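Take a look at the structure below.
The values are calculated or read from the model by the stated rules, or taken from the named source; none is laboratory data. For clarity, every value in this text was computed on a predicted model and none was experimentally measured. Positions of Cβ are generated from backbone atoms using ideal geometry, with glycine treated the same way; all protein chains shown enter the neighbour counts.
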Amino acid sequence: MERVFAEGDRVGVLLTEPLGRSLSGTLDYRAPEGGCGTGDFVEVPLGPRRMVGVVWGPGDGSFDMARLRPVTRVLDARPMRAELRAFLTRAADYTLTPLPAMLRLATRAPGLGESAGMRRVYRLSGPAPNKLTDARLRVLEALRGFGGAAVTLGEICDAAGCTSSVVKGLVKAGVIAEEDAPRDLPYPDLNPAAAKVQLMGEQIAAAAALTAAVAQGNYGTTLLKGVTGSGKTEVYLEAVAECLRHGRQALVLLPEIALTAEFLTRVEARFGARPAEWHSGVTQTERRRLWRMLGEGSAQMVVGARSALFLPFQHLGLIVVDEEHDTSYKQEEGVLYNARDMAVLRAAICGAQVVLASATPSLESWVNAEQGKYTRLDLGARFGTAELPEMRAIDMRDERLPANRWISEPLAEAVKARQALGEQSLLFLNRRGYAPVTICRACGHQVGCDDCDARMVEHRFLKRLVCHQCGASKPVPDTCPSCGVAGRMAPVGPGVERLAEEVAERFPEARVAILSSDLFGSARALKEQIESIAAGGAEIIIGTQIVAKGHNFPLLTLVGVIDADLGLQGSDLRAAERTFQLMRQVAGRAGRAGNRRGLALLQSHQPDHPVIRAILGGDEEAFWKAEADERRAAGVPPYGRMAGIILSGPDVAQVFDFGAELARLDGPLRRIGAQLYGPAPAPIARVRGRHRVRLLIKADKLAPIQAAVSEWLSQVKPPNAVRIAVDIDPQSFL
Ligand SMILES: [Zn+2]
Ligand SMILES: [Zn+2]
C-alpha cells in the first residue's frame, strides 16, 4: 500500500536535476490541496522555475516547515510504481549515479501530465504531383519515412527541415490530409494464437523450458545460446506468447535500430499486430503515446533500445536481451550502465523472467550459466542453414602484397569463384572511412585532432578528415601543418572506402556495396541498402562491424576478413573475447549454397595466435574455458570486480595533481582489500580539449566496491574544472 499524504504534510520530491544541497536528491514540499501519494508525478516550484518530479516519500526535514512551498499540482499520469522506484534506487546505488540522473532516464516522455484530448495530425492522402519544389519533396520524403503513421506539424517540419507553410500548401493541394485525432490511441491487441508455429528438434524443448519458466511468474534468467539461423527468435517469441497469455507485458531489447524493422515484421507475423517501439528514431508523439499506454497496461509488448528498460511497465513478465554480448548495451556517456545487467536487476525486483540470447555469449553470462546462476539452453547447428562455415586462415606473411593492396591472391580467387556462381562475397574490415592515418611524406607528421589525442581519419566520401573521438572534421590539408611542405600528404592504411577502390580496380565489372554506419544519413537509408543487398543488389559487400549484427543475406557464401589481427592489439582485458565473438559473428554470415558449406577466410599475420587458432578450430567451449581460467588467475571480471575512474579537465597538471591526491587517500579502498592503479594518462589522453587521467580499482568478487569508492571520493572535493566519471564494471578501457 502506497503512503498517502494529506494536504500540508511534508513530502520529499525527487527532481530530475541534481541539487547540491540535498544528499538524497529529494527536496521537501507541502502536499497540495487534495493531498498526494508516494509515486505521484508532480509539478513543483524551484526558485522562479516549475519542475516535474516524483513524490519519493515523506520529507527528510531538511527545511524549515514555515518556509516550505506547496506542490503546484499532481500531474494526470499514472503514479510511478514501487517496483520502478526500487529499480531506480538500486541502479543508482550500483552505478554510483545520483538518483536524479537515474530519474531522468525514466521520465523521457514529452508532454508528461498533459491531459488527454484531440490533436491535429497529418498523413499522406493523395498521389504526389510530378513537379515538386525541393522543400515539398522533402516533406513527402519525411512523411514516407514515418511509415504511414500520423504525425504532428512540428514533427514533419523537423524531419523535412522546412516551414509549416510548405506542409499547409500540400494540404491545400490535396496531397496531405489534415485531421483531428484523439491523442494516444491504444495499441492493437497481440494474439498469442495468431500463427501456427512449427518448431523443430531442440527448438521444441527450449521453447517448452522458457514457457514453463514464464508461466511460474517469478524471477529467473536463461542464457539462450544458438548460432545464426538456429531459430532463437522463434523460441523466445514463444516465451513472449506465454507472457501475453498471462496478461503480463514483455520487453525485447535489440542492440541496433537498423534491426528493428525486420524484427517487427516477424512479430507481426507471429502475433497478428505490431508491438510498440522505443528508440531514438521514434517520434515524440509516439513516445508519449507508448508512455501513457504502458501506464494503462494497454501496450503488451515493447521492442526497443536499452533505454526502454526505464519505461513504466505495469506488470512486466519477461525481458529478452537479444545479442546480449553486444557492446552497445553498455552506455558509455552520461549514466554509465550495462543494459544487460540492469535487465536482470529490474526482472529480479519485479519477478520477471530474463532471456539472454546470443550465438556468442559474453564471458560474464557464460560463467553465470556455468555457476548455475543462469539456466542455459543450447540450440545446435543442425537445422537448415544454421551450420557454421568452413574457416581457414590466409597467412599474410607469405603473401607479399604490393603497397596499398590489402586483398591477397587466395581471397581474390575465392571472390571470383563466387561471382561466377552468382553468389555474394563479404569483405570485412572494421575501419570506417578511407584511411586511418594521413602522414606527411616530407617530415613524418601525422594529422591529429586539435582537441583530442587521436589521429584524424580521412573520409573521402565526405572529402574531410574526421576525428572518431569527438566528431570534429577539417579538410584534407594540401600543405603539411607541421613543416609547410606542399603536396606530400599521403593516406596510410585501409578503411572500407579505400578497400572499395581496390575492389573496383580488381573486379571492375562487379556490383559493389559498402555498409558502414557513417555512409547513411538515416536508419531508413541503411535499411534500404540492407534490403537491396539481401535481394541480390550487390556481388561484393564491403562492410564494417555493422554487418555482424544479424542481417540476413541469403546469397552470401563467402566472408573474407581483411585484418583478423585488428582487435588483438591493445591491452583491453576483453580483446580476445571481443575478437572471438566478432570473427564468429562475421564468419557466421557465410551461408550454405546447395550441398556446399559457406567459407570464411581470415587474413592474418599471426595465424598461430591462440585466439585465431581458437576461432579456426571452432571448439567454442574450450575457448571460453581457457579464457575463464585466465581471468580467474588474474582476478579480473567476471571473477573480480573493477571500477574505472576517469578524471578530466582543461589543465593537465591540475587533473594529475587531483588524481595523485585521490591515490594518497586510498584508505577506504585498502580497507576492503582493493588495489588502486594510477593515476595514469588514459589511453586516449585528451578528448574535446579535456585531458584525461585514469585510475583503476580492482577488488575481490564479493568486496563492497560501490560503498568504498563512494566513501573514497567523498573525502575530497575536486577542483571546479575537474570532472569525475565513475564506471563500475567498465567495458571499455579508453
Ligand atoms: Zn611535413
Ligand atoms: Zn577530436
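A Cβ distance below 7 Å, combined with a sequence gap of six or more or placement on separate chains, defines the contacts here; from the range 673-687, residues that are surrounded by 14 or more Cβ atoms within 10 Å (Cβ to Cβ) reach residues that are of a type in the set (Phe, Trp, Tyr) and at pLDDT 90 or above in the pairs Pro679/Phe656.
Taking the range 156-207, which residues are polar (S, T, N, Q), within 23 Å of Leu224 (Cα to Cα) and in contact with a helix residue (DSSP H, G or I) (Cβ under 6 Å, 6 or more places away or on another chain)?
Of the residues in the range 156-207, the ones polar (S, T, N, Q) are 163-165, 191, 198, 203.
Those left that are additionally within 23 Å of Leu224 (Cα to Cα): 198, 203.
Selection gives Gln203 alone.
When the range 441-458 is filtered for residues that are small (Gly, Ala, Ser) and more than 16 Å from ligand 2 (Cβ to nearest atom), the ones remaining, listed by number, are Ala442, Gly444. When Thr438 is tested against (1) among the hydroxyl-bearing types (Ser, Thr, Tyr); (2) within 16 Å of ligand 2 (Cβ to nearest atom); (3) out of contact with any Asp or Glu (no Cβ under 6 Å at 6 or more places or on another chain), exactly one condition is not met: (3).
For the range 631-670, the set of residues classified as free of Cβ contacts under 8 Å to residues at least 12 places away in the same chain and charged (D, E, K, R) consists of Arg632, Asp657, Arg664, Arg670, listed by residue number. If you go through the range 473-486 and pick out every residue that is free of Cβ contacts under 8 Å to residues at least 40 places away in the same chain and within 11 Å of ligand 1 (Cβ to nearest atom), you end up with 5. Every condition in (1) at pLDDT below 85; (2) surrounded by fewer than 19 Cβ atoms within 10 Å (Cβ to Cβ); (3) touching a Leu at 6+ places or on another chain (Cβ under 6 Å) holds for Arg274 except the one numbered (1).
Taken residue by residue, the range 295-315 has no member that is without any contact (Cβ under 8 Å) to a residue 12 or more places away in the chain and either crowded, with 19+ Cβ neighbours inside 10 Å or within 28 Å of Ile156 (Cα to Cα) (or both). Whether any residue in the range 62-78 is touching a residue at least 60 places away in the same chain (Cβ under 8 Å), surrounded by 18 or more Cβ atoms within 10 Å (Cβ to Cβ) and closer than 20 Å to Arg306 by Cα is what I want to check. No, the range 62-78 contains no residue that is touching a residue at least 60 places away in the same chain (Cβ under 8 Å), surrounded by 18 or more Cβ atoms within 10 Å (Cβ to Cβ) and closer than 20 Å to Arg306 by Cα. Inspect the range 359-372 for any residue being out of contact with any Ser or Thr (no Cβ under 6 Å at 6 or more places or on another chain), β-branched (Val, Ile, Thr) and surrounded by 22 or more Cβ atoms within 10 Å (Cβ to Cβ) and give the result as yes or no. So far as the range 359-372 goes, yes, one or more of its residues are out of contact with any Ser or Thr (no Cβ under 6 Å at 6 or more places or on another chain), β-branched (Val, Ile, Thr) and surrounded by 22 or more Cβ atoms within 10 Å (Cβ to Cβ).
The residue list Glu286, Glu256, Glu324, Glu277 contains one member that is over 17 Å from the mean Cα position of the chain (by Cα) and among the acidic types (Asp, Glu), which is Glu286. The set of residues in the range 459-486 that are away from ligand 2 (no atom under 15 Å from the Cβ), closer than 12 Å to Ala435 by Cα and at pLDDT 90 or above contains only Val476. Residue count for the range 176-196 under the criterion of being out of contact with any strand residue (DSSP E or B) (no Cβ under 7 Å at 6 or more places or on another chain), at pLDDT 85 or above and hydrophobic (A, V, I, L, M, F, W, C): the result is 3.
As a summary of the residue check, Leu599 satisfies the conditions (1) over 30 Å from Arg397 (Cα atoms); (2) surrounded by 15 or more Cβ atoms within 10 Å (Cβ to Cβ); (3) more than 16 Å from ligand 2 (Cβ to nearest atom) except for the one numbered (1).
Screening Pro554 on (1) touching a residue at least 12 places away in the same chain (Cβ under 8 Å); (2) surrounded by 14 or more Cβ atoms within 10 Å (Cβ to Cβ); (3) within 28 Å of the chain's Cα centre (by Cα) shows it passes everything except condition (2). Which residue is farthest from Val282 (Cα to Cα), if the candidates are limited to the range 516-533 and must be touching a Leu at 6+ places or on another chain (Cβ under 8 Å) and without any contact (Cβ under 8 Å) to a residue 40 or more places away in the chain? Ranking the qualifying residues of the range 516-533, first place goes to Gln529.
Say whether the condition of being free of Cβ contacts under 8 Å to residues at least 12 places away in the same chain and more than 15 Å from ligand 1 (Cβ to nearest atom) is met by at least one residue in the range 418-440. Yes, that holds for at least one residue. Do we have Ala510 as away from ligand 1 (no atom under 16 Å from the Cβ) and surrounded by 15 or more Cβ atoms within 10 Å (Cβ to Cβ) here? Yes; evaluated as a whole, the condition is true for this residue. Looking at the range 236-253 only, could you name the residues that are within 23 Å of the chain's Cα centre (by Cα) and in a helix (DSSP H, G or I)? Matches in the range 236-253: Tyr236, Leu237, Val240.
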